[in-house]
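The values are calculated or read from the model by the stated rules, or taken from the named source; none is laboratory data. Owing to the predicted nature of the structure, the values given are computational and were not obtained by experimental measurement. Don't worry about glycine lacking a Cβ; one is built from the backbone with ideal geometry, like all the others, and counts go over all protein chains shown. Protein only, heavy atoms only, side chains kept; ligands, DNA and RNA dropped before computing areas. Shrake-Rupley method; radii C 1.70, N 1.55, O 1.52, S 1.80 Å.
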Amino acid sequence: MREYTPGKIEKKWQQIWDEEEPFKALNNSEKEKFYALVEFPYPSGEGLHVGHPRPYTALDIVSRKRRLQGYNVLFPMGWDAFGLPTENFAIKHKIHPATVTKNNIKRFKAQLKSIGFSFDWSREINTTDPQYYKWTQWIFLKLFEKGLAYKNEMPINWCTSCKVGLANEEVVQGSCERCGSEVIRKVKNQWMLKITKYADRLIEDLEDLDYIERVKAQQINWIGKSVGAEIDFQIENKDDKLRVFTTRPDTLFGSSYMVISAEHPLIEKYRDEIENLDDIKIYQEEVSKKSDFERTELSKEKTGIEIKGLKAINPANKQEIPIWISDYVLMTYGTGAIMSVPGHDTRDYEFAKKFNLPIIEVIKGGNIEKEAFTDIENGTIINSDFLDGMDVKKGQEYMINWLEENGLGEKKINFKLRDWVFSRQRYWGEPIPLVHCDECGWVPVPEEDLPVVLPEVENYEPTANGESPLANITQWVNTTCPKCGGKAKRETDTMPQWAGSSWYYLRYIDPHNNEALASDKALKYWMPVDWYNGGMEHTTLHLLYSRFWHKVLYDVGVVEEKEPYKKRTSHGMILGDNNEKMSKSRGNVINPDDIVNEYGADTLRTYEMFIGDFEKSVPWSENGVRGCRRFLERVWKLQEILVDGEGYTKELESSIHKTIKKVSEDFEHLKFNTGIAALMSLSNEFNDYGKITKTDLKTFIILLNPVAPHITEEMWENLGLKDYLHNSIWPEYDKEKTLDKIINIPVQVNGKVRGTIEVDVDATKEIVIEKAKEDENIRKFLDGKNIIKEIFIPGKIFNIVVK
RNA sequence: GCCGGUGUGUCGGAAUUGGCAGACGAGACAGACUCAAAAUCUGUUAUCCGUACGGGUGUGUGGGUUCGAGUCCCACCACCGGCACCA
């Protein structure tokens, strides 16, 4: 038998797969479909990282297994290629971003192919292809038609380094998610998408989905629904009312002052009545100088100032209360004003203590001398007239009713989620397909004129004044209004990186369709995605955005399913061997090419799946890689102990069936590590036994094939079997045969194992007792004691309780 | 502070969901082969007492339920991730 040479074998099979395309998914098939999806990469200049193959291998295993089980599997790949790094690279090296993208894709593709993924390459997509972004623009027009895209002058997050506006989701701790530079507030006229309109549905529809818990929790958290009431406080001697949002209407009687945000319009409106306007101006100035980051960071001490000359009336008890300004009240949430209940809110308590404001106890149960009592489960309402004696929940309902009946307020639900800032002042993105006409306003480019192709430019540099580089190309900008035919200008902002990836799973279904983003028939057959695996970092970005777009497409009637992804799982990160995140600066980056060259793709795949719990991050270990290579070498050597003739080995029958069961189940439940461990154990058993039949070896290599497709395909060929392994059938296990006939039952005395006895699997209690008492060591613990109880769990354990 | 998760040998990690804790792999140690090394093969490897048969202890900490707890309940500690003056 010749040596195991992955270098040769792997190239050979990759070439066969390239030529014969066995992993092509069919759009007209009688078979049951299975749509497996992994996040398509951003083709960066750095090439593939060892982190990429982890999720790809996982779903490749599932896909390969499902094909062997007779499914029509769609497992596609593509490129999320618009975005800043490419543009920056292009600027620096004076190469067109399209060229940079093309080169990077070429490299990525070669790397992915060298690992032997069973992607259907005939469906490869690229978000920067005009034939692709034609449909991204088409979807934008739908959003626009439905009033879900609007242009608004508003303060946005501005990255000082990228010179681009960012969505809230792209700001991490006051810094740019991408480059880490400071993010400041800048007022700009921006295209916005009304994701907030879908907030409720984005939470509610999570319920029926098979998403891992932490994904659901993070999305719910991010959307931040809170149920409460809006209440009007009359401003004394004025017509105006000051409206607040509260989640605790039950504590209204305890509200002893109000706080409004420093940007609240009330201040400007009543400037002439305010006695201390100068001091307030100074305070406002201080607040505006702080970045959002500082505002939250410097949260230790509360600051604020009372508005002298204005008072409000608490609508419950008609008390006159003061109005304060403080930066802990945000203009961007609720109504920008709160009723302060220091007795039962921690922040209000701090504020009241600092400025010596009255603290009224309205819920009994805590000690408000010491701290705010915020428990909503335990506590009884007091000092609140008609609410007295109720618990918090009942008080809330009662109060909302009372407010509504008296026209003082109403039930209200608020969300933390903000609308999606959708404009980017950059070149390398999808042009927003709108035209501005002085007569007609914003006019959509007619569908038949799509795509609006990104023009060639000399210079991609972002402009200092924050305008898109496209604005300088006058011949592109100046156009005619599709509506009135008059002079008009194109929108020069482009879409954010997240646009193309918000619907890509739909394009894979019918990637070459020119009439629609995908045909109805194909959509009906393939949707929804059965299993989508991706990074946790996309939970509140891509995953949320694409669910939103899908719901819009559902409302428009393009898709029939409310949700795009039936199941969502997430992989852990691969860390450097020093247990730190892999990065160039730490010098602990592993290049998958090196592993493929030195050990082979099958080893890389086996290792990445065997390395540990798929959902947890785990350090890289070169020794672990070697261990997996050793395993594959041993598998290869099984060919040396192959015996002639058909038939299986009776002695190992139960092990084989147990392994089929274990592997089949584990590969479906992200437990690749234990599935592979089971295969290792079985191969050890064959080795110990010293012989393997053709039938058994065939079963074994089919089970291993999804993990290590090249070596198993080669061994299949060596066995002289017909056709290819990838056209064979996944083995089924016989439940009867997974059960052992003779088993070892541990015998405990007072819960401690004192011996094991060998009995038939269906042995009765009596037989077990008798056998147990024959055991010398067990008897030692029984002698001179009274047996109080005997617990016998058939097939599991026998426990004798003595005294 | 809130939400989610995780704590098991030297390391990565197993444990049919309440039934022999440490599968599988790595590492280490010993042996075989070799002039030698690597590779390969064999054995040992939670810990303590014991030559051994065997026994004690042991799954972050403290308590509880149970014939029996890594697994269930209560309280706490540590770490990781997300959100955070969100009213």
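Helix A:277-289 versus the longest principal axis of chain A: what is the Cα-based angle in degrees, 0 to 90, to the nearest 10?
Value to nearest ten degrees: 20.
Once the convex hull of the alpha carbons of the range A:564-714 is built, what does its volume come to per residue, in cubic angstrom?
Values: hull volume 20.3 nm³, N = 151.
Residue-normalised Cα hull volume stands at 134 Å³.
Please report, as a whole percent, how much of the solvent-accessible surface of chain A comes from carbon and sulfur atoms (probe radius 1.4 Å).
Taking all protein chains in place, chain A shows 47 percent carbon and sulfur surface.
Could you sort A:613-621, A:113-121 so that the peptide with the highest average Cβ count within 10 Å comes first and the rest follow in order?
By packing density, highest mean first, the sequence is A:113-121, A:613-621.
Taking the Cα centre of chain A as the origin and placing charges on Cβ (Lys, Arg +1; Asp, Glu -1), which of A:ASN237, A:ASN588, A:PHE144 is farthest toward the positive end of the dipole?
With unit charges placed on the Cβ atoms, the residue in question is A:ASN588.
Which GluC sites (Glu not before Pro) from the range A:4-61 combine a DSSP loop assignment with at most 15 other Cβ atoms within 10 Å? Mind dumping the intermediate values first?
Details: sites: A:GLU10, A:GLU19, A:GLU20, A:GLU30, A:GLU32, A:GLU39, A:GLU46; in loops: A:GLU30, A:GLU32, A:GLU39, A:GLU46.
Here the GluC sites (Glu not before Pro) that fit, given the DSSP loop and packing criteria, are A:GLU30, A:GLU32, A:GLU46.
Please compute the volume of the convex hull spanned by the alpha-carbon atoms of chain A and report it per residue in Å³. Walk me through the intermediate numbers first.
Working: hull volume 192.3 nm³, N = 803.
Output value, Cα hull per residue: 239 Å³.
Find the centroid of the Cα atoms in the range A:777-803 and in the range A:64-127, then give the distance between the two in whole Å.
64 Å
With Rg and the Kirkwood Rh both taken from Cα atoms, where does Rg over Rh land for the range A:658-803? Please list the in-between numbers first.
Numbers: Rg = 21.7 Å, Rh = 18.4 Å.
Rounded to two decimals, Rg/Rh equals 1.17.
Total Lys pairs in the range A:513-608 closer than 24 Å by alpha-carbon, pairs eight or more apart in sequence or interchain only?
So the count works out to 11.
I'd like the distance between the alpha-carbon centres of the range A:671-701 and the range A:337-388, rounded to an integer number of Å.
Computed from Cα coordinates, the inter-centre distance equals 67 Å.
Can you tell me the orientation of helix A:97-114 relative to chain A, as the angle in degrees between its alpha-carbon axis and the longest Cα principal axis, to the nearest 10?
The two axes meet at around 30 degrees.
Starting from the Cα gyration tensor of the range A:16-158, multiply each eigenvalue by 5, take the square root, and state the resulting semi-axes largest first in whole Å. Don't jump to the answer; show the numbers that get you there.
Working: eigenvalues 199, 102, 38 Å².
Ellipsoid half-lengths, sorted descending, are 32, 23, 14 Å.
Output the Kirkwood hydrodynamic radius of the range A:1-96, Cα pairs only, in Å rounded to one decimal. Before the final figure, lay out the partial values.
Working: mean 1/r = 0.0606 Å⁻¹.
Over the range A:1-96, the inverse of the mean reciprocal pair distance is 16.5 Å.
Per 10 Å bin, what percent of the C-alpha pairs of the range A:369-462 does each bin hold, from zero upward?
Pair shares across the bins are 11, 21, 18, 9, 11, 20, 10, 1.
Measuring from centroid to centroid over Cα atoms, what is the spacing of the range A:1-59 and the range A:138-206 in Å?
Value for the Cα centre distance between the two parts: 35 Å.
Summing +1 for each Lys or Arg and -1 for each Asp or Glu, what net charge is found among the other residues whose Cβ lies under 14 Å from the Cβ of A:GLY343? Mind dumping the intermediate values first?
Values: positive: A:ARG248, A:ARG347, A:LYS353, A:LYS364, A:LYS370; negative: A:ASP250, A:ASP345, A:ASP348, A:GLU350, A:GLU361, A:GLU369, A:GLU371, A:ASP375.
Counting the neighbours of A:GLY343, the net charge comes to -3.
What does the helix-only formula give at 222 nm for chain A: each DSSP H stretch with n ≥ 4 adding -39500 (n - 2.57), the total divided by the residues, and the result rounded to the nearest 500 deg cm²/dmol?
Details: 27 runs with 282 residues, N = 803.
Rounded to the nearest 500, the figure is -10500 deg cm²/dmol.
Would you kindly calculate the translational diffusion coefficient of the range A:261-369, applying Stokes-Einstein with the Kirkwood radius from alpha carbon pairs, for 37 °C and a viscosity of 0.692 mPa s, and quote it in µm² s⁻¹ without decimals? Present the calculation step by step, with values, prior to reporting the outcome.
Numbers: Rh = 15.1 Å.
It diffuses with D of about 218 µm²/s by this estimate.
Starting at 0 and stepping by 5 Å, how many percent of the alpha carbon pairs of the range A:516-653 end up in each bin?
Pair shares across the bins are 2, 8, 11, 13, 11, 10, 10, 11, 11, 7, 4, 2, 0.
Taking only protein heavy atoms and a 1.4 Å probe, what accessible area per residue, in Å², does the range A:644-730 have with all protein chains in place? Walk me through the intermediate numbers first.
Numbers: 3430 Å² over 87 residues.
Heavy-atom accessible area per residue stands at 39 Å².
Subtract the Cα-Cα distance of A:GLU273 and A:GLU377 from 0.36 nm times their separation in residues, and report this length gain in nm to one decimal. Don't skip to the answer; put the middle values down first.
Values: separation 104, 0.36 × 104 = 37.44 nm, distance 4.30 nm.
Full extension of this stretch gives 33.1 nm more.
Which whole-number value in Å² is the accessible area per residue of the range A:185-234, probe 1.4 Å? Present the calculation step by step, with values, prior to reporting the outcome.
Numbers: 2330 Å² over 50 residues.
For the range A:185-234, the solvent-accessible area averages 47 Å² per residue.
Angle, helix A:53-68 long axis vs. longest principal axis of chain A, Cα atoms, 0 to 90°, nearest 10?
60 degrees
Please state the equivalent ellipsoid semi-axes for the range A:180-287: what are the square roots of 5 times the Cα gyration tensor eigenvalues, largest first, in whole Å? Show your work: numbers first, answer last.
Values: eigenvalues 257, 102, 37 Å².
Working through the eigenvalues yields semi-axes of 36, 23, 14 Å.
If you stretched the chain out fully between A:ASP388 and A:SER226, how much longer would it get, using 0.36 nm times the residue separation minus the C-alpha to C-alpha distance? Intermediate results must be reported in sequence, preceding the final value.
Details: separation 162, 0.36 × 162 = 58.32 nm, distance 2.47 nm.
Result for the pair: 55.8 nm of gain on full extension.
Please state, as a whole number in µm²/s, the translational diffusion coefficient that the Stokes-Einstein equation yields for the range A:584-648 at 20 °C and 1.002 mPa s, with Rh defined as the Kirkwood radius across alpha carbon pairs. All intermediate terms of the calculation are to be shown ahead of the outcome.
Values: Rh = 13.8 Å.
Roughly 155 µm²/s, to the nearest whole number.
Evaluate the distance, in nm, between pseudo-label points positioned 7 Å from the Cα of A:LYS780 and of A:GLU615 along their respective Cα→Cβ axes.
So the label points at A:LYS780 and A:GLU615 sit 4.4 nm apart.
Would you mind calculating the gained length between A:ASN459 and A:LYS102 on full extension (0.36 nm times residue separation, minus the Cα-Cα distance), in nm to one decimal?
Numbers: separation 357, 0.36 × 357 = 128.52 nm, distance 1.90 nm.
The A:ASN459-A:LYS102 span can extend by a further 126.6 nm.
Just the accessible area per residue of the range A:445-537, please: how many Å² with a 1.4 Å probe?
Details: 4160 Å² over 93 residues.
Solvent-accessible surface per residue comes out at 45 Å².
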